[in-house]
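A.B. asks: Okay, handing you the structure first.
The values are calculated or read from the model by the stated rules, or taken from the named source; none is laboratory data. Predicted model, so just to flag it, every value in this text is computed and none were measured. Glycine also receives a Cβ, built like all others from the backbone with ideal geometry; neighbour counts cover every protein chain displayed.
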Amino acid sequence: MGTVPIKGKISEIRGTVVKASGMAKALMNEMVKVGELGLIGEVVRLEGDSAYIQVYEFTTALRPGEPVVGLGSPLSVMLGPGMMGNIYDGLQRPLSFIKGHTITRGYSADPIDAGKRWKFIPSVKKGDQVSGGAKVGFVDETDLIRHYIMIPPGISGQVAEVEPEGEYTVNDNIIEINDGDKKRNISMVQKWPVRVPRPFSDRVPSSDPLITGQRVIDSFFPIAKGGSVAVPGGFGTGKCLLPEEHVFTDLGAVSLAELWAMGNEEISSNGGNARRLSVGVISLKNGALGHSESAAVFRDRSRSMIRISTANGREVVVTPAHRLWMITKNGMKETPAFLLKPGDRLVEPSAKWMLGGLEADRIKEVKVEYGKFDVYDLVVPKGQSFVGGSVRPVIYHNTVLLHQIASWANSKVVVYVGCGERGNEMVDLLKTFPRLNDPISGKPIMEKSVMVANVSNMPVAAREASIYVGITMAEYFRDQGYDALLLADSTSRWAEALREISGRLEEIPAEEGYPAYLASRIASFYERAGVFRTLGGDVGSVSVVGAVSPPGGDFTEPVTTHTLRYVKAFWLLDPNLAYSRHYPAVNWVSSYSAYSEQLERWWAGNIASDFSEIKRKALDILYREDELRNIVRLLGPEVLPEEEKLVLETASIIKDGFLKQSAYHEVDRYTAPKSQYQLLKLIITFYQKGREKIQGGSTVEQLKSGEAYMQILRARYNLTSDKLYEELMKKVTSM
């Protein structure tokens with residue numbers, strides 16, 4: 001590019017896409033400053049003298065005729081000491097320097113503190129031959145990260161000068177290289193275009209697992225270092241009703257569309273839109289109807305609805321995952337609408353419902369309707385539900401989803417990208433992370449973490465950039481020989497940004513309005529994961545965990561289906577498990593991992609030779625329990641033979657004693673691989689010994705009355721040594 005910046009003028013404004021004239025010499029993906037405020041943008045299309053610019057900030061009050069100035073380089077990140085523990089927005093602007101609560105348009109600051117001095121220790125000397133990727137020294141950035149200073153890719157030659165050990169800023173020249181007839185000065189920082197993968201020497205097969213300390217993941221659905229995994233959980237499942245549905249409030253019966261209009265402040269939400277709304281509603285509390293206060297109203301889209309007709313004349317239309325109160329043998333139970341069937345009985349307000357009365361209403365018909373529906377939901381913090389309905393009152397569940405991220409992976413570096421997620425989720429994360437310690441070193445986890453906060457109330461276009469900013473940072477630490485973990489939450493927001501930008505560029509849309517190149521963009525992102533031999537000769541990895549938020553929990557929508565083509569592991573977050581307080585809420589029937597087979601050798605060589613056999617037996621028990629569940633629903637467990645009752649009981653032990661984990665328990669929150677094997681071995685041994693006892697005439701109830709049974713259930717809290725494991729195993733084998 002030339003040294004003279006390209007200057008043009010705004011000729012047209014289409015939301016976040018701006019058309020500028022006088023840009024004939026601009027290049028694709030060149031960064032520009034737009035308008036008098038200097039808003040940051042990127043050239044995404046060139047047509048003759050005109051350039052179409054994707055602006056990463058709100059374009060409110062921009063006017064035609066304002067200047068557009070090219071910066072001469074593509075969107076790039078600054079890489080060097082000072083990144084660890086930092087919090088950036090989607091364009092790598094540091095948020096710690098901001099005064100106030102919002103980012104001022106046109107705000108810019110150095111991503112890395114240029115004034116801080118670091119103690120640099122060189123590892124090369126004058127006369128050494130070096131090339132791109134070679135380590136020439138290091139600084140101890142934190143107690144957990146030794147930050148290696150590397151020669152940028154594409155530069156090689158003989159070291160002419162090296163600064164002695166001492167303290168320098170990141171912009172000080174510390175090494176001079178004779179590169180042919182050129183002299184090149186090397187500082188501690190590099191700039192790299194985010195859309196260009198950093199180069200490497202070779203891909204290396206992955207043979208080691210990424211240990212997370214979460215038993216359901218490590219033992220059943222593992223991910224290899226350098227692997228990629230999709231974690232879907234529908235954000236549309238939290239919005240349940242059609243806009244014309246009425247809600248009983250202190251103001252009378254008001255439709256959800258009217259309540260939406262009454263909302264007085266936009267807030268960020270986990271999908272769709274949300275507004276604050278404080279209005280009194282009728283809710284179900286402690287088994288009776290009473291008064292509560294709503295906090296917000298949500299709006300979104302759904303591709304399908306469930307229409308339920310009842311014997312008492314009710315007609316309930318909800319999203320498939322919305323939960324209604326059903327009467328069972330054990331009392332009232334919240335059940336997703338897609339599991340309801342004719343004959344089931346719902347708990348609904350009685351004729352005297354204003355006095356708190358309830359009645360049972362039998363379901364006559366259940367129909368699924370497909371299309372594109374606007375759906376709404378209320379948040380009622382102090383109630384479990386709200387009452388609505390047009391003909392007869394109906395109890396609707398308050399269903400906005402929350403989710404928890406466990407960050408115990410044995411990666412050396414964590415890069416978290418909050419791409420379009422709710423602002424309060426990001427705040428919770430930023431409050432929680434500084435209090436967490438790395439399970440291996442005991443040091444604060446922020447000492448090995450970089451955060452990219454690009455929440456849903458920030459410009460949509462910046463979401464598209466934030467994913468690339470995060471993966472480039474992860475690649476940089478990979479090049480130092482580290483195992484980096486990228487957590488992207490959520491790639492659905494990134495895809496929505498692609499859809500919006502594509503629409504403003506008037507490109508021909510593909511399925512559901514997404515651009516035709518959606519699949520290739522998703523593929524190119526996940527292909528940056530892997531284990532690599534770096535240019536400097538080290539081995540490093542980038543593992544990618546991408547959350548997907550399909551509207552309405554519809555896993556057939558384009559983002560989810562394309563993602564599943566390019567990842568090798570699938571952890572389905574089940575809202576039913578989450579609502580029943582089973583964490584991690586990973587569904588063990590629908591999830592899978594293609595890494596299991598290649599990691600069997602590691603488990604056999606490092607943990608136990610029979611681990612794979614034990615794991616297969618445990619999964620077989622869970623699958624058999626899933627098959628028996630329908631029989632139990634219809635006829636009850638009493639009709640089953642004792643051996644099948646043992647299957648149900650062992651499955652329950654696996655779920656409660658192995659798959660469930662408490663993030664707040666000192667022992668249970670993180671389980672090392674060896675302890676995972678020991679827990680599973682105890683349960684399978686109990687099952688095998690139980691079968692022998694049943695064949696000898698014992699019953700499952702007799703097995704449950706034994707001392708070993710309760711100790712196995714509590715073992716996940718108490719199993720802290722090999723001695724305790726051996727003592728408990730003796731009790732199990734001698735049942």
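A.B. asks: Filter segment 11-32 for residues that are free of Cβ contacts under 8 Å to residues at least 60 places away in the same chain and either loosely packed, with under 14 Cβ neighbours inside 10 Å or within 38 Å of the chain's Cα centre (by Cα) (or both) and give the result. Give the steps one after another, and end with the answer.
C.D. replies: Applying the first criterion (free of Cβ contacts under 8 Å to residues at least 60 places away in the same chain) to segment 11-32 yields 11-13, 18-28, 30-32.
Within segment 11-32, Glu12, Ile13, Val18, Lys19, Ala20, Ala24, Ala26, Leu27, Met28, Glu30, Met31, Val32 meet the criteria.
A.B. asks: Output the residues belonging to segment 446-460 that are surrounded by fewer than 24 Cβ atoms within 10 Å (Cβ to Cβ), modelled with pLDDT of 80 or more and either outside the structural domain of Ala529 (by TED's automatic domain parsing) or closer than 22 Å to Ser490 by Cα (or both).
C.D. replies: The answer is Met446, Met451, Ala453.
A.B. asks: Which numbered condition in (1) surrounded by fewer than 13 Cβ atoms within 10 Å (Cβ to Cβ); (2) modelled with pLDDT under 95 is the only one that Glu165 fails?
C.D. replies: (2)
A.B. asks: From the list Ser652, Ser698, Ser734, Ser662, pick out the single residue that is over 27 Å from Leu210 (Cβ atoms) and under 33 Å from the mean Cα position of the chain (by Cα).
C.D. replies: Values: Ser698 fails: under 33 Å from the mean Cα position of the chain (by Cα); Ser734 fails: under 33 Å from the mean Cα position of the chain (by Cα); Ser662 fails: over 27 Å from Leu210 (Cβ atoms).
The match here is Ser652.
Here's the yes/no breakdown for (1) in contact (Cβ under 8 Å) with a residue 12 or more places away in the chain; (2) in a loop (DSSP other than H, G, I, E, B); (3) over 30 Å from Met426 (Cβ atoms):
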residue	(1), (2), (3)
Met83	yes, yes, no
Thr104	no, yes, no
Ala109	yes, yes, no
Ile121	yes, no, yes
Val124	yes, yes, yes
Pro164	yes, yes, yes
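A.B. asks: Name the single residue that is farthest from Ser502 (Cα to Cα) among those in segment 10-47 being among the charged types (D, E, K, R) and touching a strand residue (DSSP E or B) at 6+ places or on another chain (Cβ under 6 Å).
C.D. replies: At the first step, the residues of segment 10-47 found to be among the charged types (D, E, K, R) are 12, 14, 19, 25, 30, 33, 36, 42, 45, 47.
After this cut, where a residue has to be touching a strand residue (DSSP E or B) at 6+ places or on another chain (Cβ under 6 Å) as well, the list is 12, 19, 30, 33, 42, 45.
Values: Glu12: 16, Lys19: 14, Glu30: 18, Lys33: 21, Glu42: 14, Arg45: 11 Å.
Top of the filtered list is Lys33.
A.B. asks: Shifting gears a bit: Exactly one of these conditions fails for Arg463: (1) surrounded by 20 or more Cβ atoms within 10 Å (Cβ to Cβ); (2) modelled with pLDDT of 90 or more; (3) not β-branched (Val, Ile, Thr). Give me its number.
C.D. replies: (2)
A.B. asks: Do we have any residue at all in segment 168-175 that's surrounded by 15 or more Cβ atoms within 10 Å (Cβ to Cβ), over 26 Å from Phe200 (Cα atoms) and of a type in the set (Ser, Thr, Tyr)?
C.D. replies: Yes: one or more hits.
A.B. asks: Could you tell me how many of the residues in segment 35-50 are assigned to a loop (DSSP other than H, G, I, E, B) and surrounded by fewer than 14 Cβ atoms within 10 Å (Cβ to Cβ)? Let's see the steps before the verdict.
C.D. replies: Initially, segment 35-50 is screened for residues assigned to a loop (DSSP other than H, G, I, E, B), giving 35-38, 48-49.
Filter once more, keeping what is surrounded by fewer than 14 Cβ atoms within 10 Å (Cβ to Cβ): 36, 48.
The number of residues fulfilling the criteria is 2.
A.B. asks: Listed residues Val559, Val544; which is part of a strand (DSSP E or B), assigned by TED's automatic domain parsing to the domain that holds Leu486 and crowded, with 17+ Cβ neighbours inside 10 Å? Full working, then the answer.
C.D. replies: Working: Val559 fails: part of a strand (DSSP E or B).
Just a single option satisfies the conditions, and that option is Val544.
A.B. asks: So which residues in segment 505-537 are surrounded by fewer than 17 Cβ atoms within 10 Å (Cβ to Cβ) and over 30 Å from Pro205 (Cα atoms)?
C.D. replies: Of everything in segment 505-537, those that are surrounded by fewer than 17 Cβ atoms within 10 Å (Cβ to Cβ) and over 30 Å from Pro205 (Cα atoms) turn out to be Leu505, Glu506, Glu507, Ile508, Pro509, Ala510, Glu511, Glu512, Gly513, Ala516.
A.B. asks: Also, I was wondering about something else. Restricting to segment 598-652, count the residues that are more than 30 Å from Asp722 (Cβ to Cβ), among the β-branched types (Val, Ile, Thr) and surrounded by 12 or more Cβ atoms within 10 Å (Cβ to Cβ).
C.D. replies: Qualifying residue count, segment 598-652: 2.
A.B. asks: Taking Tyr595 as the residue in question, decide whether it is hydroxyl-bearing (Ser, Thr, Tyr) and touching a residue at least 60 places away in the same chain (Cβ under 8 Å).
C.D. replies: Values: hydroxyl-bearing (Ser, Thr, Tyr): yes; touching a residue at least 60 places away in the same chain (Cβ under 8 Å): yes.
For Tyr595, the condition - hydroxyl-bearing (Ser, Thr, Tyr) and touching a residue at least 60 places away in the same chain (Cβ under 8 Å) - is met.
A.B. asks: May I pose another question? Filter segment 365-387 down to residues that are surrounded by 15 or more Cβ atoms within 10 Å (Cβ to Cβ) and farther than 17 Å from Glu245 by Cα and give me whichever is modelled with the highest pLDDT.
C.D. replies: Let us first name the residues in segment 365-387 that are surrounded by 15 or more Cβ atoms within 10 Å (Cβ to Cβ), namely 366, 373-380, 383-387.
Now restrict to residues that are farther than 17 Å from Glu245 by Cα: 366, 383-384.
Numbers: Val366: 91, Gly383: 54, Gln384: 53.
Selected residue: Val366.
A.B. asks: I've got another one for you. Scan Ser612, Ser580, Ser590 and give me the residue that is outside the structural domain of Val318 (by TED's automatic domain parsing), polar (S, T, N, Q), more than 20 Å from the chain's Cα centre (by Cα) and modelled with pLDDT under 90.
C.D. replies: Working: Ser612 fails: modelled with pLDDT under 90; Ser590 fails: more than 20 Å from the chain's Cα centre (by Cα).
Residue meeting the stated conditions: Ser580.
A.B. asks: Based on this model, can you work out whether Ile308 counts as β-branched (Val, Ile, Thr), at pLDDT 75 or above and either within 30 Å of Gly636 (Cβ to Cβ) or not assigned by TED's automatic domain parsing to the domain that holds Ser492 (or both)? If you could, list the steps in order and put the result at the bottom.
C.D. replies: Values: β-branched (Val, Ile, Thr): yes; at pLDDT 75 or above: yes; either within 30 Å of Gly636 (Cβ to Cβ) or not assigned by TED's automatic domain parsing to the domain that holds Ser492 (or both): yes.
Yes, satisfied.
A.B. asks: Can you work out which of the residues in segment 705-735 that are surrounded by fewer than 13 Cβ atoms within 10 Å (Cβ to Cβ) and of a type in the set (D, E, K, R) is modelled with the lowest pLDDT?
C.D. replies: Going through the qualifying residues, I end up with Glu707.
A.B. asks: Of Gly38, Gly70, Gly82, which residue is small (Gly, Ala, Ser) and under 23 Å from Tyr476 (Cα atoms)? Please lay out each step first, then the result.
C.D. replies: Values: Gly38 fails: under 23 Å from Tyr476 (Cα atoms); Gly70 fails: under 23 Å from Tyr476 (Cα atoms).
After applying the criteria, what remains is Gly82.
A.B. asks: Based on this model, can you work out whether Val170 counts as of a type outside the set (D, E, K, R), in a loop (DSSP other than H, G, I, E, B) and within 33 Å of the chain's Cα centre (by Cα)?
C.D. replies: Numbers: of a type outside the set (D, E, K, R): yes; in a loop (DSSP other than H, G, I, E, B): yes; within 33 Å of the chain's Cα centre (by Cα): yes.
So Val170 passes the test.
A.B. asks: Turning to a different aspect of this structure: Determine which member of the set Leu71, Leu91, Leu144 is under 37 Å from the mean Cα position of the chain (by Cα), in contact (Cβ under 8 Å) with a residue 24 or more places away in the chain, under 25 Å from Ile53 (Cα atoms) and in a loop (DSSP other than H, G, I, E, B). Explain how you work it out, then say what you get.
C.D. replies: On the way: Leu71 fails: in a loop (DSSP other than H, G, I, E, B); Leu144 fails: under 25 Å from Ile53 (Cα atoms).
Result of the check over Leu71, Leu91, Leu144: Leu91.
A.B. asks: Give the number of residues within segment 92-115 that are at negative phi and at pLDDT 85 or above. Can you show your working first?
C.D. replies: Start the filter on segment 92-115 by keeping residues that are at negative phi, which leaves 93-99, 101-105, 107-115.
Restricting the remaining residues to those that are at pLDDT 85 or above gives 93-94, 110-115.
Counting residues in segment 92-115 that are at negative phi and at pLDDT 85 or above gives 8.
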